[in-house]
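In what follows, a structure is listed as structure tokens, so that the remarks can point back to it.
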Amino acid sequence: EHPLLKRAAEVISIIEEHGGEAFIVGGCVRDYFLGHEMKDADIATSLLPEQIMDIFDKVIPVGLEHGTVIVRHHSHSFEVTTYRMEEDYEDYRHPNRVYFVTSIEKDLSRRDFSMNAMALAVNGDIIDPFRGQRAIQERRIETVGAPAERFAEDPLRMMRAIRFSAQLDFSIDHSVTEVITEKRNLLQFLSVERLASEFGKMMTSPFYRKGWNYLLATKSFQYLPVFQDHPALVQREPLVLLSDWGELIGFYHLSYEDVSPEEWVSAWRLSNQVKRKAKKITEAAQMYQREGMSGYMLYRLGGAYIKSWENVMHSLNYSLPEDPTIKYASLPIHSRADLDIDTYELFRLFPERKRGKWIGEYIDYLLRIVAEGTSANNRDELIKWVKERDRQKGN
Ligand code: ATP
Ligand code: MG
């Protein structure tokens, strides 16, 4: 038996010994029936969070107000959540009130799609009131209950439907896409962070083209940051699968320059880390357009971003002259510290000169000639190059 399921079953048995009821629920059950790898198992229980905290030694109260705690058990973490329902979604962000219920069926009824609304018991029994197994067999996404109501409660479910279609290669029921088209304007009320999480997952999923086509068919692009202001962007489709937001923004900026990487990051409220990566990728691509895949271009890009840059170039239909990873590995230097001369030595060469941007320019010049193999990475040699360069500049 699967180690994750075995450990989850142990947690459930302990809950049962204490008079509670518990099941494995959510994405894990879906992935189990799909034969996909299961990353984490969520557990739903009739017991209250305080009772779970009393039973287990290692419990982290991560979301008590939603009834969720994390139970650590043999180096696995399980989210254990009390059976609950939600009511009164205000401004489409969070339910106003979460209340605990006593039956697993009620808990399942608040879930988004039939494939996500199944429960697995320790003895292998499956509780499937909304015919999730059939939907999985037929590779279909259908809502639990009427889509118009469920999407009005939480419009993020529209994006989740599209995201799951891209992850699983499932089709969304026609009756559901019709409602998405009708209700797509509700997407504007969602927090950008929640939207960004779903859109990012969708675009980095193996069947992203399928998700993309649903976004087009339902006109949901009209309510996504950046896309809503630049309709031409919907014709830009990456030719290969990209792996994160940094690559996505790199791709979009390079294929449509009207929106800068900074604008992408701020409109989608992404991190500085994403911004840094997107800028590295776009700068490298621009340098590539000027001088090809030079040693200095790869040096500037840096080893951490090589694979992503290559991926973005392929997504734009470039074919590279050689393998950038191999070429990067063979460079004589990989960081400024590798250069056989430092800033102080350059100062000492020209003691009469004030500090200024000349020093950075000389360092960049040396980095370039060493990365390109024009000069050996050797102190005396580098000093000769600097003096020669200085003469040429007429200093
Ligand atoms: P993933 O593989 O992306 O984690 P998942 O199905 O586990 O997929 P989660 O976001 O982790 O998705 O949510 C866990 C479960 O909680 C879902 O399977 C679903 O039953 C329920 N759920 C999550 N988000 C919503 C929502 N917005 N509306 C209703 N139910 C939801
Ligand atoms: Mg999950």
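The values are calculated or read from the model by the stated rules, or taken from the named source; none is laboratory data. All of these numbers come straight from a predicted model, not from anything done at the bench. Ideal geometry is used to build each Cβ from the backbone, glycine not excepted, and the neighbour counts take in all protein chains shown.
Overview of values
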quantity	calculated
Selection status of P129, away from ligand 2 (no atom under 16 Å from the Cβ), touching a helix residue (DSSP H, G or I) at 6+ places or on another chain (Cβ under 8 Å) and without any contact (Cβ under 8 Å) to a residue 40 or more places away in the chain	yes
Qualifying residue in the stretch 125-146 (condition: polar (S, T, N, Q) and part of a helix (DSSP H, G or I))	yes
Residue ranges of helices (runs of 4 or more DSSP H) in the stretch 1-70 with at least 2 members more than 23 Å from R110 (Cβ to Cβ) and more than 15 Å from ligand 1 (Cβ to nearest atom)	3-17, 49-55
Index of the failed condition, N213 passing every other in (1) part of a helix (DSSP H, G or I); (2) free of Cβ contacts under 8 Å to residues at least 12 places away in the same chain; (3) assigned by TED's automatic domain parsing to the domain that holds E283	(3)
Subset of the stretch 155-193 [surrounded by fewer than 20 Cβ atoms within 10 Å (Cβ to Cβ) and within 12 Å of ligand 1 (Cβ to nearest atom)]	Q167
Top-ranked residue in the stretch 9-38 [being free of Cβ contacts under 8 Å to residues at least 12 places away in the same chain and within 16 Å of ligand 2 (Cβ to nearest atom); ranked as nearest to F100 (Cα to Cα)]	D31
Residue check for E87: part of a helix (DSSP H, G or I), without any contact (Cβ under 8 Å) to a residue 40 or more places away in the chain and surrounded by fewer than 17 Cβ atoms within 10 Å (Cβ to Cβ)	no
The one condition in (1) more than 13 Å from ligand 1 (Cβ to nearest atom); (2) at pLDDT below 95; (3) more than 30 Å from L187 (Cβ to Cβ) that N96 fails to fulfil	(3)
Scan of the stretch 354-383 for residues that are over 26 Å from Y328 (Cα atoms), more than 39 Å from the chain's Cα centre (by Cα) and surrounded by fewer than 13 Cβ atoms within 10 Å (Cβ to Cβ), ordered by number	K354, R355, G356
Helices (runs of 4 or more DSSP H) within the stretch 292-349 that include 3 or more residues within 22 Å of the chain's Cα centre (by Cα)	306-315
